[in-house]
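FYI, it's all coordinate maths here, none of it is from the lab. The model shown is predicted, which means the values in this text are computed figures rather than measured ones. Neighbour counts are summed over all protein chains in view; Cβ atoms, including those assigned to glycine, are modelled from backbone coordinates with ideal geometry.
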Amino acid sequence: MRRLLPALLSLALAGPAMSHEFWIEPLDYTVAPGARIEAKTINGEEFAGIEYGYSEGAFKRSGVIGGGQTNGVPGEMGQKPAFNVPTQGDGLHILYHASPVSTLTYANYTKFERFVKGKRLDWALEEHAALKLPTEDIRESYFRYVKALVAVGSGAGADRPVGMPYELVALDNPYTSGGDIRVAVLLGGEPAANVPVFVFVREGEAVEELKLTTGAEGQVSVPRRAGAEYMVNAVHIGLPGEQIKSVTKAHWQTLWAALTYRIE
């Protein structure tokens, strides 16, 4: 987290927003070498939401990895899709985006409780009571750490950590391997055990939600379905550090990780 804080805090804090998933959604998950990769950034749930355009400030910690190269994500203000980058040779490409800090306020405890229980993070309610935190105007700061996997040409290669504080890493290449896809949850670069994981599987117009939990090694196994698009999500909640707290006045901090890919 420390590497990202100075840049993130230098950006304006967002106003109230809904705590929904944020993800990268490529227009095509398989492209030819020499083509461009275009991908939307969307805030919503169950593969439906509001598309966000490009801004230089928000994309300072974004990039594309492929062909042995790591490059930034250039663009013009308001550009949609936000990602419009050239391929970097044959093989698997990793798109990633680390957002600046944003904040929201829950007007009352009921709304905060609904969010926490919905994300299967019930322990935070006990902590909230033990710390005698307020039951009205509960303030949350949050960061988004999202990735997408795109197959260029053969799609060969492997996902890997890109150094985000909270991150999902596919341990199997969805474009070249058979069987289920193992996904690791990393917190501070270390495997996170007993973490709730939500998987949205889109087949045509239908979207199904799967609820999984990481094991002792911080991994889940996501069932493989041909012709389906996947959005894997995990949310970490904790108390904000003093630097974040002094700027945001937040009572809680959440880190949202997402990984999208497609099984052909």
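Taking the charge dipole of the chain about its Cα centre, with +1 at Lys and Arg Cβ atoms and -1 at Asp and Glu Cβ atoms, the residue from 67, 162, 32 reaching farthest to the positive side is 162. Highest-first packing order for the peptide set 79-88, 228-237 is 228-237, 79-88, based on the mean count of other beta carbon atoms within 10 Å. For the chain, the relative contact order works out to 19 percent when only alpha carbon pairs closer than 8 Å and six or more residues apart are counted.
Determine the sum of side-chain charges near residue 229: Lys and Arg each +1, Asp and Glu each -1, restricted to other residues whose C-beta is under 15 angstrom from that of residue 229. Taking every Cβ under 15 Å from that of residue 229, the sum is -4. The aspartates and glutamates whose alpha-carbon is closer than 19 Å to the alpha-carbon of residue 132, local same-chain residues fewer than 8 away aside, are 113, 122, 140, 242. Were the residues from residue 122 through residue 225 laid out at 0.36 nm apart, the gain over their Cα-Cα distance would be 34.0 nm. Put simply, when 221-227, 26-32 are sorted by average Cβ atoms within 10 angstrom per residue, most first, you get 26-32, 221-227. Count Lys and Arg as plus one, Asp and Glu as minus one, and take only other residues whose Cβ is under 14 Å from that of residue 203; the net charge is then -2. Taking every DSSP helix (H) stretch of at least 4 residues in the chain, weighting each as -39,500 (n - 2.57) and dividing the sum by the residue count yields a mean residue ellipticity at 222 nm of -3000 deg cm²/dmol. The convex hull built on the alpha-carbon positions of the chain has an orientation-averaged projected area of 13.4 nm². For the pair residue 131 and residue 158, label points projected 7 Å from Cα toward Cβ lie 3.7 nm apart.
A protection proxy built from the mean count of other Cβ atoms within 10 Å ranks the segments 146-157, 104-115, most packed first, as 146-157, 104-115. Considering only the other residues whose Cβ falls under 10 Å of the Cβ of residue 172, what net charge follows from Lys and Arg at +1 and Asp and Glu at -1? Local net charge: 0.
Bridgeable lysines around residue 80 (alpha carbons under 29 Å apart, same-chain partners fewer than 8 residues away excluded): 40, 60, 147. Phi angles of the stretch 157-168 translate, via the Karplus equation with coefficients 6.51, -1.76, 1.60 and θ = phi - 60°, into HN-Hα couplings of x, 9, 5, 7, x, 10, x, 7, x, 9, 8, 9 Hz per residue; Gly and Pro are given as x.
Using the eigenvalues of the Cα gyration tensor, what equivalent ellipsoid semi-axes result for the stretch 122-264 when each is taken as the square root of five times the eigenvalue, whole Å, largest first? After diagonalising the Cα gyration tensor, the semi-axes are 32, 16, 14 Å.
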